[in-house]
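First comes the structure, then the notes that go with it.
Every read-out reported here was derived from the displayed coordinates using simple, explicitly stated rules and does not represent laboratory data. Remember, it's a predicted structure, so these values are computed and weren't measured experimentally. All Cβ positions, even for glycine, are placed from backbone atoms using ideal geometry, and neighbour counts span all protein chains on display.
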2 protein chains.
Amino acid sequence: MSKRTPQAGESAELKEETRELKPKERIQAVGERMFAEEGFEAVSVRALTSAAQVNVASLHYHFGSKEGLLEAIFAARAKPIAEARLAMLRECRAGPDRPPLLNQLLEAFLRPALTFGEDDRFGGSVFARLRARLAVAPQEFSRRVLGSAFDESSRAFIDSLTRALPDLPRRELEWRFHFLLGTMVYSMADGGRIQSITDGACDPSDGEETLRHLLPFLVAGFRADIPEPGSGS
Amino acid sequence: MSKRTPQAGESAELKEETRELKPKERIQAVGERMFAEEGFEAVSVRALTSAAQVNVASLHYHFGSKEGLLEAIFAARAKPIAEARLAMLRECRAGPDRPPLLNQLLEAFLRPALTFGEDDRFGGSVFARLRARLAVAPQEFSRRVLGSAFDESSRAFIDSLTRALPDLPRRELEWRFHFLLGTMVYSMADGGRIQSITDGACDPSDGEETLRHLLPFLVAGFRADIPEPGSGS
DNA sequence: GTCTATAGCTGGATAGAC
DNA sequence: GTCTATCCAGCTATAGAC
């Protein structure tokens, strides 16, 4: 319930990294950060443009609407991530292990998402939070944006995983891929639950550290024995 | 017990399960469903009270505010789930296996969350979606509500898991518990990603089915080899 | 306890001068 | 392309009759 009220001394509010950008890029950078930190629906166009030190009309001029801005932010970030994924996947396939090891495939899928832009001062892990929120959002709009950005690379990885785990039925592999997405998205969302439970000892916002703990966990999970067939599948 | 005769067409809007409830309970039931399906911030008090066929003032009379309604919904659902968890935990401890098997502990933790009220016509899996959304919400308010409801039972389970996995360092166990939460929350959120990728073959909204696939996956994950120590821990 | 009416704002979006 | 002024639909919450 914290609505910011930007008043005098506003330029102090501008983050260093956005100060030298042109208005359009500034709106995009500030929007990414605010949407990630407060949630898309909780951020008003007024608050956003005020923080970016542009007038309200500027947002509509450059992006058409608030939703248009979100799509632009997403388009700019998702493509590099999906490309990095597929590049790492190609490296796996070109490597000495045929088919690529499970561990290599999982890392190729997860590393771009979890560490993208962590050394990028323009907000890599910021985008991770935004993306995670969208991943569980109910609005059809959010799902469309997310699906069109990542469904393709997800399918490619499921196919590769099939070859790395030839004895695992595809249906089971899909379930496990779903669980993988859960661990990834939940870590990216940085909801603060595990910090609260462990008094800050675990920090999922550190992508490298998360990967280090997550990969062995997932490798073992993907290699688990197949459960008894049930009525539902 | 309706004192007034429903007008033609009017009662058709009300879902069957809410028709015989008193206004206060009706607001709560409709609120739970709408918050879960559309998101807390996307539902207006007007739309909610209109769907529940009460006047706007009624919501504020009974719950004080929109946030008050959410807290009431949460209080009503979270307590039974946390209690079911602890009851199943006690059963584990009283069982023949000492300490309880990993599989038993994980099921005791997950089953109440994933299947609670699935045969309950008043919306058990509805609440699961609501809860999952809150779990990744950025607002401090959401985190407070969720933490006060579930942090205690989470800590109790971490302690029990420690005894079931005596060779696993506590820090590592906490990370794996975090990943467990991720798989649980992501399944409950029912974001539709895996349905989209697999053309509907996997259905995480089926709690029993999810459990059947999830438990072996998590058991293996918790038993994975410990990763190399890194600089960060 | 239930309702109507409305207060008091804030929301996204735009018109039109410059 | 940038800005101010403005539209008006929408919001939460409340006052006050019944």
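Summing charges over neighbours of B:Glu83, with a neighbour being any other residue whose Cβ is under 12 Å away from its Cβ, gives +3 when K and R count +1 and D and E count -1. Other protein chain C-beta atoms within 10 Å of residue C-beta, averaged over A:91-100: 0.
Relative contact order of chain A, taken over Cα pairs closer than 8 Å and 6 or more residues apart, is 19 percent. Summary of the geometry: the range A:51-118 and the range B:162-230, compared by the centres of their Cα atoms, lie 24 Å apart.
Taking the charge dipole of the protein assembly as shown about its Cα centre, with +1 at Lys and Arg Cβ atoms and -1 at Asp and Glu Cβ atoms, the residue from A:Pro229, A:Ala76, A:Ala113 reaching farthest to the positive side is A:Ala76.
Taking Cα centre as origin and charging only the Cβ of basic (Lys, Arg, +1) and acidic (Asp, Glu, -1) residues, the dipole magnitude of chain B rounds to 700 debye. If you take all other residues with their beta carbon under 13 Å from the beta carbon of B:Ala189, and give Lys and Arg +1 and Asp and Glu -1, the sum is +4. Among A:Ile81, A:Ile27, B:Ile158, sorting on how many other beta-carbon atoms sit within 10 Å of each Cβ, with the fewest leading, yields B:Ile158, A:Ile81, A:Ile27.
In a fully extended conformation the segment linking A:Asp159 and A:Asp97 would gain 20.7 nm over its present Cα-Cα distance, using 0.36 nm per residue. Cβ-to-Cβ counts within 10 Å put A:Phe109, B:Phe150 in ascending order as B:Phe150, A:Phe109, the fewest first. When the chymotrypsin sites (Phe, Trp or Tyr not before Pro) in the range A:154-233 are filtered for DSSP coil states and for at most 15 other beta-carbon atoms within 10 Å of their beta-carbon, no site remains.
Scaled against the 2.2 N^0.38 Å expected of a compact globular protein of N residues, the Cα radius of gyration of the range B:111-233 reads 1.16.
Using the Cβ-Cβ distance between B:Ser148 and A:Leu21 with R0 set to 41 Å, the FRET efficiency from 1/(1 + (r/R0)^6) comes to roughly 0.50. The alpha carbons of chain B occupy a box of 66, 40, 38 Å along the principal axes, longest dimension given first. Within a Cβ distance under 12 Å of A:Pro216, other residues only, what is the Lys/Arg minus Asp/Glu net charge? Net of charged neighbours comes to 0.
The value obtained for the protein assembly as shown, namely the Cα convex hull volume divided by the number of residues, is 173 Å³ per residue. Take peptide B:138-145, look around each residue's Cβ out to 10 angstrom, count Cβ atoms belonging to other protein chains, and average those counts. Taking all residues of B:138-145 together, the mean is 4.
Subtracting the Cα-Cα distance of B:Arg223 and B:Val56 from 0.36 nm times their residue separation leaves 54.8 nm of extension gain. With the simple spin-label model, which puts each label point 7 Å out from Cα in the Cβ direction, the B:Ala201 to A:Ala75 separation comes to 3.3 nm.
Counts of other chain beta carbons within 10 angstrom of each beta carbon in peptide B:150-159 average 2.
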